[in-house]
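First comes the structure, then the notes that go with it.
The values are calculated or read from the model by the stated rules, or taken from the named source; none is laboratory data. Not measured: the values here are computed from a predicted model. No Cβ is skipped: glycine too gets one built from the backbone with ideal geometry, and neighbour counts run over all protein chains shown.
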Amino acid sequence: MSASPHRVVIVGGGAGGLELATRLGDTLGKRGLAQVTLVEKARTHFWKPHLHEIAAGTVDLHTHAVDYLAQSHWHGFRYRVGEMTGLDRTRREVQVAPYVDPEEGEQVTGARIFGYDTLVIAVGSLNNDFGTPGVQEHAMLLETPAQAERFHRRLVNACVRAHAQSAPLRPEQLQVAIIGAGATGVELAAELHHTTRTLVSYGLDRIDPERDIRINVIEAGPHILAALPQRMSMSAQHQLEKLHVRVRTNARVTEVTDSGVKLASGETIPAELVVWAAGVKAPEFLSKLDTLETNRIHQLVVSSTLQTTRDENVFAIGDCAAAPWLGREGTLVPPRAQAAHQQASHLARQIARRLRGQPLQPWRYRDFGSLVSLGTYTTVGNLMGQLVGGNFWIEGLFARWMYQSLYKMHEVALHGYWKTALGSASRFIARRTVPRVKLH
Ligand SMILES: Cc1cc2nc3c(=O)[nH]c(=O)nc-3n(C[C@H](O)[C@H](O)[C@H](O)COP(=O)(O)OP(=O)(O)OC[C@H]3O[C@@H](n4cnc5c(N)ncnc54)[C@H](O)[C@@H]3O)c2cc1C
């Protein structure tokens, strides 16, 4: 090891990157064994699987957001705000664009360069609109907390407007079209059902939810939750239909307009609010990163040690990595928080080994199953692997508890057990003093 500490740069402080920065800061940074730097384009961290709950107003962003600067101070790493745009592998430098405050429009920093000895890219993924016309102009995305909050605001505005108007409702008014019936689309539909009923119950009583509000879930494939076991798909569809959510399968969207969605069949579905929740791709700039290998959806191709195929000093984890699923030949690990969490824990140990000059060990994904939350109504899913010694179908309260435990694991990785318990208790108490959904 050189006289100056080994420089670990992590780009992207999401489900995987922030856990890794925290762990490395605690174990190596605080002891001066490495200098750990997190480069992240946002100022606060929010766990992405809860974004649909921000959109529905059932989770408050500000009670769950983690301030990167405070986290770095407490856990022995450096936080540098900014968006990575390029890489020089020969000089081992990450290029970061000037940081412009998204609200004020003020340029806060100039362009910067960060040198590294070990680089970990963990920039997550985006929705894939497959070039469908009108998506960028008329559909809302749920990729960031700001987008989720904006959706919520528009939902509340739509209900207040409908309640205040004397004219009859237009056909698209209070109709929501959710495009894509993966976990995000399905969970969002159930949350919105609950939210709209709650909003009305708080006094917007000129709206009759059963008559006036319609939630459509539109899926191009033959089943909802196509990536998950068929029993989950059938159970979730049954639950949604019980809530009068209209589930349309084999329905490919060809255009999004200002008044709804056009399908390949020629049919139009009117909607005031359209959410695009289909497809996954990694950010496009990864395909131009100094000849690193990427796949069709811009993910960085990595080996079982999570090192990129063309540079052993550059690692990738989380949704932006195309990682082989050991034991399932030819299959990639799915883009899930569960995988990002496991990769972060593994890489924290491997970077310590790298510093000691020991060979790296391969990472093996352990699939603990899948769970889909249908809001306050129910949770369905399966548990599998070493956790329960088989493949178990679960539903209801126990499934809900298991679903929540994934977030608790993330919180424990960031804050430890004691602070996580305190935070959970304080949120439990605070929830008794505020409305069940956010009303503004
Ligand atoms: C609504 C929704 C619900 C979901 N539900 C579930 C679920 O129930 N279970 C599950 O397992 N998974 C779920 N997922 C998927 C899960 O959120 C992701 O798999 C997980 O967040 C991936 O973690 P990550 O660290 O790779 O990326 P992210 O958590 O997306 O973090 C990426 C970070 O990189 C930052 N970043 C991006 N580009 C740059 C750049 N150029 N420079 C600097 N910083 C950058 C971003 O600001 C972000 O902080 C859901 C996703 C969504 C959107």
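Would you check if there is a residue in the range 317-333 being in contact with a Cys (Cβ under 6 Å, 6 or more places away or on another chain) and touching a residue at least 60 places away in the same chain (Cβ under 8 Å)? No, every residue in the range 317-333 fails to be in contact with a Cys (Cβ under 6 Å, 6 or more places away or on another chain) and touching a residue at least 60 places away in the same chain (Cβ under 8 Å).
So, of the residues in the range 352-377 that are among the aliphatic types (A, V, I, L, M) and more than 16 Å from the ligand (Cβ to nearest atom), which turns out to be surrounded by the most Cβ atoms within 10 Å (Cβ to Cβ)? Per the criteria, the residue is 360. Go through the residues of the range 302-311 one by one and say whether even a single one is modelled with pLDDT of 95 or more and within 28 Å of residue 52 (Cβ to Cβ). Within the range 302-311, none of the residues are modelled with pLDDT of 95 or more and within 28 Å of residue 52 (Cβ to Cβ). For the range 28-45, a tally of residues being more than 8 Å from the ligand (Cβ to nearest atom) and assigned to a loop (DSSP other than H, G, I, E, B) returns 5. Checked against the criterion of being at pLDDT below 95, over 16 Å from residue 17 (Cβ atoms) and not in a loop (DSSP other than H, G, I, E, B), the candidates 73, 62 yield just one match: 62.
Number of residues in the range 154-206 that are surrounded by fewer than 20 Cβ atoms within 10 Å (Cβ to Cβ) and touching a Cys at 6+ places or on another chain (Cβ under 9 Å) equals 2. State whether one or more residues within the range 102-113 are touching an Asp or Glu at 6+ places or on another chain (Cβ under 9 Å) and touching a residue at least 40 places away in the same chain (Cβ under 8 Å). No; the residues of the range 102-113 include none that is touching an Asp or Glu at 6+ places or on another chain (Cβ under 9 Å) and touching a residue at least 40 places away in the same chain (Cβ under 8 Å). Among residues of the range 215-244 that are small (Gly, Ala, Ser), those with a Cβ under 8 angstrom from a residue that is assigned to a helix (DSSP H, G or I), sequence gap 6+ or separate chain, pair up as 226/233; 236/186. From the list 137, 104, 149, the one residue that fits, being in a loop (DSSP other than H, G, I, E, B) and either away from the ligand (no atom under 13 Å from the Cβ) or surrounded by 15 or more Cβ atoms within 10 Å (Cβ to Cβ) (or both), is 104. Considering the range 1-27, the residues that are among the small types (Gly, Ala, Ser) and surrounded by fewer than 24 Cβ atoms within 10 Å (Cβ to Cβ) include one that is farthest from the ligand (Cβ to nearest atom), namely 3.
Listed here are the strands (runs of 3 or more DSSP E) enclosed by the range 248-291 that have at least 1 residues being of a type outside the set (A, V, I, L, M), touching a strand residue (DSSP E or B) at 6+ places or on another chain (Cβ under 6 Å) and surrounded by fewer than 17 Cβ atoms within 10 Å (Cβ to Cβ): 253-257, 268-270. Within the range 65-84, if we keep just the residues that are within 20 Å of residue 420 (Cβ to Cβ) and in contact (Cβ under 8 Å) with a residue 40 or more places away in the chain, the residue that is surrounded by the most Cβ atoms within 10 Å (Cβ to Cβ) turns out to be 77. Looking at 190, 167, just one residue is at pLDDT below 90 and not assigned by TED's automatic domain parsing to the domain that holds residue 102, and that residue is 167. Here residue 404 meets each of (1) of a type in the set (S, T, N, Q); (2) more than 20 Å from the chain's Cα centre (by Cα); (3) within 13 Å of the ligand (Cβ to nearest atom) with one exception, condition (2). Residues in the range 238-247 that are buried (at least 20 other Cβ atoms within 10 Å of the Cβ) and not aliphatic (A, V, I, L, M): 1 in all. When residue 142 is tested against the conditions (1) at pLDDT 95 or above; (2) within 15 Å of the ligand (Cβ to nearest atom); (3) among the hydrophobic types (A, V, I, L, M, F, W, C), the lone failure is (1).
The sole residue among 160, 176, 156, 120 that is within 16 Å of the ligand (Cβ to nearest atom), more than 19 Å from the chain's Cα centre (by Cα) and either at pLDDT 90 or above or within 30 Å of residue 77 (Cβ to Cβ) (or both) is 176.
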